[in-house]
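Encoded as structure tokens, the structure appears first; notes follow it.
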Amino acid sequence: SNSNLANLAPISELYVSYDSAQKLKVEAGELPSWDLTARQICDLELLMNGGFNPLKGFLGQEDYESVVETMRLADGTLWPMPITLDVSEDFAKGLEIGQDIALRDQEGVILATLSITDRWTPNKAREAEKVFGADDLAHPAVNYLHNVAGPVYLGGAITGIQQPVHYDFRGRRDTPNELRAYFRKLGWRRIVAFQTRNPLHRAHQELTFRAAKEAQANLLIHPVVGMTKPGDVDHFTRVRCYEAVLDKYPQATTTMSLLNLAMRMAGPREAVWHGLIRRNHGCTHFIVGRDHAGPGKNSAGEDFYGPYDAQEMFKEYEPEIGLEMVPFKHMVYVQERAQYEPADEIEEGVTVLNISGTELRRRLSEGLEIPEWFSFPEVVTELRRTKPPRAQQGFTVFFTGLSGSGKSTIANALMVKLMEMGGRPVTLLDGDVVRKHLSSELGFSKEHRDINIRRIGYVASEITKNGGIALCAPIAPYTSTRRAVREMIEAYGAFCEVHVATPLEECEKRDRKGLYKLAREGKIKEFTGISDPYEAPESPELSVDTTGVDVDNCAHQVLLKLEQLGLISGS
Ligand code: PPS
């Protein structure tokens, strides 16, 4: 198996010449245009630069169905992943087969034209079953398919006008032809690629060292910076980590390049796809580890794929992929020998140390020690810069409850207590205040209440992202809207939902603003609790009832909860 040498001849791209591109750009100004989504921009870039060779555009229906069912294009060529252009029904309606459309980035710059050969409504459930193994929304790509992607697919050849613009790490991004030229120039003929979407720690370094040695090859660290699994460390942080680790590899044998791929987390099929992409980038070998491109647990709490399914499928297609697999078992640290070794090669009786991804995140969020045997100090420093311990991150406390339940009063008291503690700025987004400054044009229909709550959520998420504390105190009567706000905020920090569960009778008895009386008399319509619904939270972080309890005590209960969640340090 030592005969596998790289073919480093240039690969075909879909770009037209500079002059034609200038002309085409002007002509395309007249065409109907589709504003590409972030994922479509990633796909388009790799279509145009040959990363997805032999594809010449977004798949037509026949190729799509064949890829979904058999992992092959209609002509039999191995291709495991449907690369499709999903659009809205409205946009698709106005189009005709044979027509060209302009594909634009999110700022409106024309990147390519597409000559439409196919337009169809895919069977998404079938696509999910066949490509991702289950029609289960817990799979990020299945969720994307059903809840983000448009309902209609357009297929056809691409004419490339220009590469998508990147402002970050430009010197670290290479097209397949740029990498091929680089390998040619250095005389590299055997290159093993390492795909990753995570920061590199010592185990990864050991694994890549061993792979390069075994394959007698140079090493390409080829991390994905397009789209990875939701919740991953952002690529800016990761690239800074990679740069720190790169110094610890011998310069003459190792290089790093960033790949603007939108991953699907499709496990085995994805491994085959990754292999084809690396072949296009001039590599000869490819590392496939444990649970390659795994999406995590399904909705029943089980793994979508077996830990070595990807290796098995890669092996099966290896000759057609044209890359040799360098398979790896899970690497763990053997304390007695102070080194990393494959878990399956270790004898009984030695001390094996391992820190899982979950454990690493816990230690980062609690500001705990991360040992030197696990990672490099420079990497840990970068990760800590991005993710300071929870007690230094921003967060949101979201009070919900009936009018007059005591939300504002508790929120005000909490604000003062938090300001007394200091350290982070605190903003109170009280129901009445928001309605005056952010939502003065809105009424109390379901639609308007939802808009109001989403505005609050947006502002709170920005505050949270920037390290502040947001206290929100609207009625927020709808569960689904509160859940949407939670998701917005949890992307940046903690969300603590507090149900102020003072019963309606008590709120009405107090009637501090005299509104309940007016509502009973029908003088105020759509009044929450009287003539409009309130859906009580099922599992809030905290529930308080102000009946017979003073405000100070309620605010204190919230403080204790925040301390318990690690959001304020307990001094
Ligand atoms: S919502 O549903 O979350 O958008 O409501 P919110 O922005 O919190 O506004 C509630 C305050 O508006 C006053 N008000 C009403 N509340 C409920 N229903 C109706 N129809 C209504 N009309 C006016 C009321 O004073 C609420 O203030 P709080 O502080 O909750 O008592």
Notebook entry, point to check: How many residues does region 408-433 hold that are away from the ligand (no atom under 16 Å from the Cβ) and either of a type in the set (D, E, K, R) or over 35 Å from the mean Cα position of the chain (by Cα) (or both)?
Noted result: 4
Note to self: I'd like to check something: does region 497-511 contain any residue that is at pLDDT 95 or above, surrounded by fewer than 22 Cβ atoms within 10 Å (Cβ to Cβ), touching a Gly at 6+ places or on another chain (Cβ under 7 Å) and of a type in the set (A, V, I, L, M)?
What the structure shows: yes
Check: residue 68 versus (1) in a helix (DSSP H, G or I); (2) among the hydrophobic types (A, V, I, L, M, F, W, C); (3) surrounded by fewer than 20 Cβ atoms within 10 Å (Cβ to Cβ): which is the lone unmet condition?
Finding: (3)
Next item on the list: Could you please find all residues in region 291-316 being more than 23 Å from residue 226 (Cβ to Cβ) and surrounded by 16 or more Cβ atoms within 10 Å (Cβ to Cβ)?
Entry: 298, 308, 309, 311
Check: Pick from region 434-445 the residues that are more than 9 Å from the ligand (Cβ to nearest atom) and not small (Gly, Ala, Ser): which of them is farthest from residue 398 (Cα to Cα)?
Finding: 441
Check: Checking residue 569 against (1) closer than 16 Å to residue 475 by Cβ; (2) away from the ligand (no atom under 16 Å from the Cβ), which single condition isn't satisfied?
Finding: (1)
Checklist line | Top-ranked residue of region 446-463 - restricted to ones that are under 21 Å from residue 489 (Cβ atoms) and acidic (Asp, Glu), ranked as farthest from the ligand (Cβ to nearest atom) | finding: 462
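Yes or no, residue by residue, for (1) among the small types (Gly, Ala, Ser); (2) in the same structural domain as residue 236 (by TED's automatic domain parsing):
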site	(1), (2)
124	no, no
129	no, no
134	yes, no
144	no, no
179	no, yes
182	no, yes
Next item on the list: Can you tell me which residue among 181, 141 is in a helix (DSSP H, G or I) and over 20 Å from the mean Cα position of the chain (by Cα)?
Entry: 181
Next item on the list: Could you check how many residues of region 144-172 are under 30 Å from residue 116 (Cβ atoms) and either assigned to a loop (DSSP other than H, G, I, E, B) or of a type in the set (D, E, K, R) (or both)?
Entry: 10
Next item on the list: Using the structure shown, decide if residue 538 is over 19 Å from residue 555 (Cα atoms), within 12 Å of the ligand (Cβ to nearest atom), among the acidic types (Asp, Glu) and part of a loop (DSSP other than H, G, I, E, B).
Entry: no
Checklist line | Count of residues meeting criterion [within 28 Å of residue 390 (Cα to Cα) and not small (Gly, Ala, Ser)] in region 405-461 | finding: 26
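The values are calculated or read from the model by the stated rules, or taken from the named source; none is laboratory data. All values reported here derive from a predicted model rather than from experimental measurement. When we count neighbours, we look across all protein chains shown, and the Cβ atoms used for this are built from the backbone with ideal geometry, even at glycine.
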